[in-house]
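The values are calculated or read from the model by the stated rules, or taken from the named source; none is laboratory data. Predicted model only: the values in this text are computed from it and were never measured. Note that each Cβ is placed from the backbone with ideal geometry, even for glycine, and that neighbours are counted across all protein chains shown. When the accessible area is computed, the model is the full protein with side chains, heavy atoms only, and any ligands, DNA or RNA have been set aside. Shrake-Rupley method; radii C 1.70, N 1.55, O 1.52, S 1.80 Å.
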Amino acid sequence: MKIGIIGLQGAVSEHLEATRRAMRKLDIEGEAAWVGRPEQLEGVDGIIIPGGESTTIGKLMVMTGLFERVKRLAADGMPIFGTCAGLIVLAKRGDEQIVRTRQPLLGLMNTDVVRNAFGKQRESFEVDLEIPVLGKKQFRCVFIRAPAVREAWGRAQVLAKFQEKIVAVRQDNLIAVAFHPELTSDTRLHEYFLQTCRRAGG
Ligand code: GLN
């Protein structure tokens, strides 16, 4: 199995590490690779869009041609896992700022997102949340100037909420979370994504 991590900006190396650890846990033979150009997506079974600055990641994806390539792969069912800024980039719609600045959104998930949804005074915090698809044990969620989903519709299913706000969503092979699972030692979300990739690969 090969997982490509969009490595233009943001928390890339942490995702490489977390993905490798999750592969070992699940006994999956595979590699996690840094992706900066469309050709590097050749043969991948899944794609991760990391956290960082969604405006920058979106613009660089357009410039490198990754934007169009990822969109096309998603149309064929490619599993994609977006975290924090990645959740924004995957969305179909966004808040006033997103509309005004016309930042590029892949528009793949039936979600309407708000940037920096948890306010200035709470720029960064950690909280244990129950994410039922991961089992009973709570998951430590690291929020860093995190977005939230204010609406999810159609095939998009809510996986977790915090303070009435949606912070984890799944839509078929697409998974998005508002926090940073790559910054903790708990690899369950990465494992959940790899299982999705395994199923999608047949
Ligand atoms: N606030 C950032 C954005 O809007 C996301 C923050 C993050 O990815 N940690 O893009």
note = Residue hits (the stretch 59-88; assigned to a helix (DSSP H, G or I) and buried (at least 23 other Cβ atoms within 10 Å of the Cβ)) are Met61, Leu66, Val70, Ala85, Gly86, Leu87, Ile88
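Right, Met23: crowded, with 17+ Cβ neighbours inside 10 Å, part of a helix (DSSP H, G or I) and in contact (Cβ under 8 Å) with a residue 40 or more places away in the chain or not?
Against the criterion (crowded, with 17+ Cβ neighbours inside 10 Å, part of a helix (DSSP H, G or I) and in contact (Cβ under 8 Å) with a residue 40 or more places away in the chain), Met23 qualifies.
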query = From the list Thr111, Thr184, which residue is at pLDDT 95 or above, surrounded by fewer than 22 Cβ atoms within 10 Å (Cβ to Cβ) and under 21 Å from Gly10 (Cβ atoms)?
reply = Thr184
ask   = Among the candidates Glu130, Glu164, Glu151, which residue alone is at positive phi, of a type in the set (Asp, Glu) and more than 16 Å from the ligand (Cβ to nearest atom)?
value = Glu164
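Residue by residue, here is whether (1) within 20 Å of Ile48 (Cβ to Cβ); (2) part of a strand (DSSP E or B); (3) over 17 Å from the mean Cα position of the chain (by Cα) holds:
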{"site": "Asp112", "(1), (2), (3)": "no, yes, no"}
{"site": "Val127", "(1), (2), (3)": "no, yes, yes"}
{"site": "Val158", "(1), (2), (3)": "no, yes, no"}
{"site": "Ala176", "(1), (2), (3)": "yes, yes, no"}
{"site": "Glu191", "(1), (2), (3)": "yes, no, no"}
task = Select from the stretch 65-88 the residues that are in contact with a strand residue (DSSP E or B) (Cβ under 9 Å, 6 or more places away or on another chain) and more than 16 Å from the ligand (Cβ to nearest atom) and list them in ascending order.
result = Leu66, Val70, Leu73, Ala74, Met78, Pro79
query = If you go through the stretch 109-152, how many residues are under 17 Å from Leu174 (Cβ atoms) and touching a residue at least 60 places away in the same chain (Cβ under 8 Å)?
reply = 5
request  = Would you please name the residue that is nearest to the ligand (Cβ to nearest atom), looking only at residues in the stretch 33-55 that are open to solvent by 50 Å² or more (accessible area, probe 1.4 Å) and in a helix (DSSP H, G or I)?
outcome  = Gln40
